[in-house]
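Presented below is the structure to which this report refers.
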C-alpha cells in the first residue's frame, strides 16, 4: 500500500479521486479550448501546453493510485462495513447510475459538433465516466449466494449408467 494513502478513510480517497478527476477534465478542457482558439497553423503558448500536460499527468497518477488503494483496501477488508456504509449509500443513489451514461452522451455530442477534429473535449467527459464506473464497482458490496456450495467440498466423481455402451441406431 502507498505510505501516503495508508491511513486514509474511504471518504477521503473518494474526495481525492474526485479532485484528480477534475484536474484531468480541466487539462483536457484547456487542450480543447486551446485547439479551438488557435487554428492549425498557429502553435499554442508554452504555458498552456505545460499546464495541460502537468495537470494531466498529475491527475492520472492521482486517480489511479487512489482508486487502486480504495479497491485493494475494500477487497482486503481493511475497513469495517460501518465505515463503507456512507459512501455506498451515496453511490447507490440513482443519479450515480445515470451520470456515467450522461457523460458518455456528452462526449459523443462533443465529437459530433467539434469542428477541429480534436478529441480532447470528448476525453474531458469520458475519463470521469470511466473513473466513476470503477469507483461504483469497487464500492458495490460483494454478493454471497447462500445456496452456493463451498469450494472446500471435494468434487464428486462422475458417474454414468451409459459409459461404454454403443450408440443407438436412428429410428424412423
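Computed from the coordinates by the stated procedures, all read-outs in this text should not be read as laboratory data. The structure displayed is predicted, hence computed values, not measured ones. As a convention, Cβ positions derive from the backbone with ideal geometry for all residues, glycine included, and neighbour counts pool all protein chains shown.
With the gyration tensor restricted to C-alpha atoms of the stretch 59-122, the semi-axes of the equivalent ellipsoid amount to 33, 17, 6 Å, longest first. Available extension along the chain between residue 153 and residue 22 is 42.3 nm, counting 0.36 nm per residue and deducting the alpha carbon span. Once the C-beta distance of residue 109 and residue 136 is scaled by a Förster radius of 22 Å, the resulting FRET efficiency is 0.45 to the nearest 0.05.
Take each peptide in 59-67, 71-79, count the other Cβ atoms within 10 Å of every residue, and average; sorted highest first, the result is 59-67, 71-79. Placing a pseudo-label 7 Å from each Cα along the Cα-to-Cβ vector at residue 61 and residue 161 gives an inter-label distance of 6.9 nm. Spatially, the stretch 65-108 and the stretch 9-32 are offset by 14 Å when compared through their Cα centroids. Counting pairwise Cα distances across the stretch 10-139, what percent come out greater than 26 angstrom? Above the 26 Å cut-off, the stretch 10-139 has 31 percent of its Cα pairs.
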